[in-house]
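The values are calculated or read from the model by the stated rules, or taken from the named source; none is laboratory data. Just so you know, these numbers come straight off a predicted model, no measurement behind them. Don't worry about glycine lacking a Cβ; one is built from the backbone with ideal geometry, like all the others, and counts go over all protein chains shown.
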Amino acid sequence: MRAQAVIFDCDGVLVDSEPITMGVLAAMANEAGLNMTEHEAAEAFMGRSLRDDVALIESMLGRPLPSNWVDTYLERRNAALRARVTAVRGIVQVLDELSARGIPVAVASGGDRAKMRLTLGTSGLLHRFESLPLQAASPAHTSDTAQPSRLFGADMVERAKPAPDVYLMAALALGVQPAHCVVIEDTPVGVRAGLAAGATVLGYCERNDPHALLDVGASAVFRDMHHLPALLAL
């Protein structure tokens, strides 16, 4: 397939953040009264927005979380990410190849932009998405930063993944029809979002079950980011 634009999920695709985040989330969910492993937490929460994670935890508990739970979680999560997050192996070479070919890129995440700026900044990738000009800008895309940005997060849309909204916003900003975009995702929730937007979705599965991604409609899966240029026919 030959992509006119590539839209990446962030966590688990650009940055190796999922084990860090799920570890903190599982620990705090258990402190609140649940009894789940990190693997069970990943299956339940990975790929979703924090607001959806909180709603699910409260549903499982049968009661609201303490009023300071989210703030405490963010403090603990962000401290862990600053200390440990790194770029996904091979992603720098992929971004270099896409840039050399003139193929526009964006990030569309189930997380918020503050989290993306933390993880992408810590891992050295932020400048690749914050300093590029947009072809189709609107106040919704640029309201919180003076620099053109190709970061799109759950805080910008009413419906987070698996709804397609964040991918549709990213495609519009790139000036490319969703049908001509390739989405790179690592969770079933994200694959569903990309497909609902009308894009082709490739599943990155270095850490995850490839069958889970194929079962919800990923066109192909790959375990090594170095293989992505070939799948994109670059």
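Observations
- Candidates Ser109, Ser123 - the one that is of a type in the set (Gly, Ala, Ser), touching an Asp or Glu at 6+ places or on another chain (Cβ under 9 Å) and crowded, with 22+ Cβ neighbours inside 10 Å: Ser109
- Residues of segment 198-220 that turn out to be crowded, with 24+ Cβ neighbours inside 10 Å, touching an Asp or Glu at 6+ places or on another chain (Cβ under 8 Å) and not aromatic (Phe, Trp, Tyr), as a count: 5
- Entry remark, segment 77-96: residues being part of a helix (DSSP H, G or I) and surrounded by 15 or more Cβ atoms within 10 Å (Cβ to Cβ) number 8 in total.
- Failed item, numbered, when Ile103 is tested on (1) in a loop (DSSP other than H, G, I, E, B); (2) in contact (Cβ under 8 Å) with a residue 24 or more places away in the chain; (3) within 29 Å of Ala29 (Cβ to Cβ): (3)
- Restricting Leu95, Leu74 to those that are within 21 Å of the chain's Cα centre (by Cα), under 15 Å from Asp9 (Cα atoms) and at pLDDT 95 or above reduces the list to Leu95.
- Residue count for segment 1-45, restricted to those that are under 23 Å from Leu65 (Cα atoms) and part of a loop (DSSP other than H, G, I, E, B): 6
- Checking each residue in segment 146-177 for being in a loop (DSSP other than H, G, I, E, B), among the charged types (D, E, K, R) and surrounded by fewer than 19 Cβ atoms within 10 Å (Cβ to Cβ) picks out Glu158, Arg159.
- Members of segment 46-67 that are in contact (Cβ under 8 Å) with a residue 24 or more places away in the chain, outside any helix (DSSP H, G or I) and among the charged types (D, E, K, R): Arg48
- Test: Ala173 is closer than 25 Å to Arg2 by Cα and at pLDDT 95 or above: yes
- Selection within segment 1-41 - within 19 Å of the chain's Cα centre (by Cα) and free of Cβ contacts under 8 Å to residues at least 12 places away in the same chain: His39
- Among the helices (runs of 4 or more DSSP H) confined to segment 182-231, the ones with at least 2 residues that are closer than 21 Å to Ala163 by Cβ are located at 188-197, 210-215.
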